[in-house]
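The values are calculated or read from the model by the stated rules, or taken from the named source; none is laboratory data. Since this is a predicted model, take the numbers as computed values, not measurements. Cβ: placed from backbone, ideal geometry, glycine included. Neighbour counts: every protein chain shown. Calculation scope for accessible area: heavy atoms of the full protein, side chains included, ligands and nucleic acids excluded. Shrake-Rupley method; radii C 1.70, N 1.55, O 1.52, S 1.80 Å.
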Amino acid sequence: DTCLGLVGQGYALVAADASASRSILVFKHDLDKIVQLDSHKLLVGSGVYADSVNFNEYVQKNMKLYELNNDLQLSTDAAANFIRGELATALRKGPYQTNSLLAGYDEKTGPSLYFIDYLAALAKVNFGAQGHASNFVLSVFDREWKENMSLEEGIEVVKKCIHELHTRFLVSQPVFVVKLVDANGVRTIDIS
């Protein structure tokens, strides 16, 4: 699985491959792995597919339950810490083998991106990648990312990352889903 993301001027952008595979088999290339947690938050995971899907759904439903019980949506920072806490608890019971990127937009703080791994390590980052693809795309991010990037510049960086994967990565990932979160909410971006 491949997931990557970046923060720009007033937005956060995440991308994930759309392949469903196991071992040497690819089942399909039209899977949307990016979960919308609420109107201004996206969660994407990589790792064991069953763990990623179950954990992402668990987070989504518990955040909605919290919102209904307290009449309050979690901020992106609070959501990241909730996810980290759940992964830390799972380490002692039966760990989820899932790594995540959480992108969100808050009125007061603007866009943010959080890197969360299966060992419950949490970091707020300007760009990040999970999965084997991180070995290829982090160098592109290091070279291309800059503060306050426009949306067009951010999309170009994501395109360069995907091009790098198509050029160097052994595994074929022909289709990527790209989503944006900003002050207006969540939407899908066509990068073709």
* When residues of the stretch 128-162 are limited to those that are aromatic (Phe, Trp, Tyr) and touching a strand residue (DSSP E or B) at 6+ places or on another chain (Cβ under 7 Å), the one farthest from Gln173 (Cα to Cα) -> Trp145
* Going by the conditions given, is Leu101 in contact (Cβ under 8 Å) with a residue 60 or more places away in the chain and surrounded by 21 or more Cβ atoms within 10 Å (Cβ to Cβ)? -> yes
* Structure fact -> Out of (1) open to solvent by 10 Å² or more (accessible area, probe 1.4 Å); (2) modelled with pLDDT of 90 or more; (3) basic (Lys, Arg), the one Arg22 does not meet is (2)
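Take Lys179 and tell me if it is outside any helix (DSSP H, G or I), free of Cβ contacts under 8 Å to residues at least 60 places away in the same chain and of a type in the set (D, E, K, R).
Here the answer is no, as Lys179 does not meet what is asked.
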* Structure fact -> Of the residues in the stretch 39-98 that are open to solvent by 20 Å² or more (accessible area, probe 1.4 Å), part of a helix (DSSP H, G or I) and of a type in the set (Gly, Ala, Ser), the one that is nearest to Asn184 (Cα to Cα) is Ala78
* Structure fact -> Reported set for the stretch 90-119 where residues are among the polar types (S, T, N, Q), closer than 20 Å to Val53 by Cβ and at pLDDT 90 or above is Thr98, Asn99, Ser100
* Asked: Do you know which residues across the stretch 146-170 are of a type in the set (A, V, I, L, M), in contact (Cβ under 8 Å) with a residue 40 or more places away in the chain and open to solvent by 40 Å² or more (accessible area, probe 1.4 Å)?
  -> Leu151
* To do: Give Phe115, Phe136 a once-over and let me know the one that is under 21 Å from Val35 (Cβ atoms) and either in contact with a His (Cβ under 8 Å, 6 or more places away or on another chain) or not charged (D, E, K, R) (or both).
  => Phe115
* Subset of the stretch 108-145 (residues that are in contact (Cβ under 8 Å) with a residue 40 or more places away in the chain and open to solvent by 60 Å² or more (accessible area, probe 1.4 Å)) -> Tyr118, Lys124, Asn126, His132
